[in-house]
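Peer 1: Sharing a structure with you now.
The values are calculated or read from the model by the stated rules, or taken from the named source; none is laboratory data. These figures come from a predicted structure and were not determined experimentally. Using ideal geometry, Cβ is built from the backbone for each residue, glycine included, and neighbour counts are taken over all protein chains shown. Accessible surface is based on the protein model in full, side chains and every heavy atom, while ligands, DNA and RNA are left aside. Shrake-Rupley method; radii C 1.70, N 1.55, O 1.52, S 1.80 Å.
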Amino acid sequence: MTSALTVYAGALQRAARGGDGALRLVDPAGTLLRHLDTGAWHGEPTPGDSGLLARCTGPTLDVGCGPGRLTAALARSGVPALGIDVSAAAVRLARARGADAVVQDVFAPLRDGRSWRHALLADGNIGIGGDPARLLARCCELLAPGGTVLAEVEPPGSPGWRGRVALTDARRTSEPFPWAVVGVDDLGPLAEQAGLLPAESWTEDERWFVCLSR
């Protein structure tokens, strides 16, 4: 079976050429959980991104940066930003648009040892690794005192879940990998476990976001 990184890279590369970069996130039974439009990640910041970007007032780590739309936008505005992603294809595309990006697992020691003012978890990336409390705790470790995690979450009333999922396109389905979905209502206990405090939540263009403070 094909790895998730291979399926993801294929979609990113097709979208970069102007083709169909659509992916579906499915559960082990093949039930659709979410549509992913990788093509939208190649352009300028998407609707709803402006609030995230405006809250990045100092050095920012973009976790799961993909092809780098947020990392590049921050750099253009003069904010130091580093994108990290486990996908080499995503990092190549991010660098091609001028973003500073490296192939890096967020749970591994970072090559750049600085403390960050902000950590971004956009586009559902709070689900990375399938354990949101562990991911938030790791982001907390990477923050300077008073730093913040800025995360995109599901709307109020949305049930959170953890489990194994797969990526599928029109031709193939990936091997399962762990993922999670977090609703805004679930953030209090998760933040507390991670050593973070909920500071703010907001909605923009039908997307929901939270700011968690160290």
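Peer 1: Only one residue in Leu5, Leu53, Leu33, Leu12 is part of a helix (DSSP H, G or I), open to solvent by 60 Å² or more (accessible area, probe 1.4 Å) and not β-branched (Val, Ile, Thr). Which one? Before the answer, list the steps.
Peer 2: Numbers: Leu53 fails: open to solvent by 60 Å² or more (accessible area, probe 1.4 Å); Leu33 fails: part of a helix (DSSP H, G or I); Leu12 fails: open to solvent by 60 Å² or more (accessible area, probe 1.4 Å).
Result of the check over Leu5, Leu53, Leu33, Leu12: Leu5.
Peer 1: Going residue by residue through region 71-88, is there one that turns out to be in contact (Cβ under 8 Å) with a residue 12 or more places away in the chain, of a type in the set (S, T, N, Q) and within 18 Å of Glu152 (Cα to Cα)?
Peer 2: Yes: one or more hits.
Peer 1: Residues in region 175-188 that are surrounded by fewer than 16 Cβ atoms within 10 Å (Cβ to Cβ) and either of a type in the set (S, T, N, Q) or under 25 Å from Arg117 (Cβ atoms) (or both): how many?
Peer 2: Residues flagged as surrounded by fewer than 16 Cβ atoms within 10 Å (Cβ to Cβ) and either of a type in the set (S, T, N, Q) or under 25 Å from Arg117 (Cβ atoms) (or both) within region 175-188 amount to 1.
Peer 1: How many residues does region 60-91 hold that are buried (at least 20 other Cβ atoms within 10 Å of the Cβ), out of contact with any Asp or Glu (no Cβ under 6 Å at 6 or more places or on another chain), at negative phi and in a loop (DSSP other than H, G, I, E, B)?
Peer 2: 2
Peer 1: Answer yes or no as to whether Ala194 is open to solvent by less than 20 Å² (accessible area, probe 1.4 Å), over 26 Å from Pro47 (Cα atoms) and under 19 Å from the mean Cα position of the chain (by Cα).
Peer 2: Details: open to solvent by less than 20 Å² (accessible area, probe 1.4 Å): yes; over 26 Å from Pro47 (Cα atoms): yes; under 19 Å from the mean Cα position of the chain (by Cα): yes.
So Ala194 passes the test.
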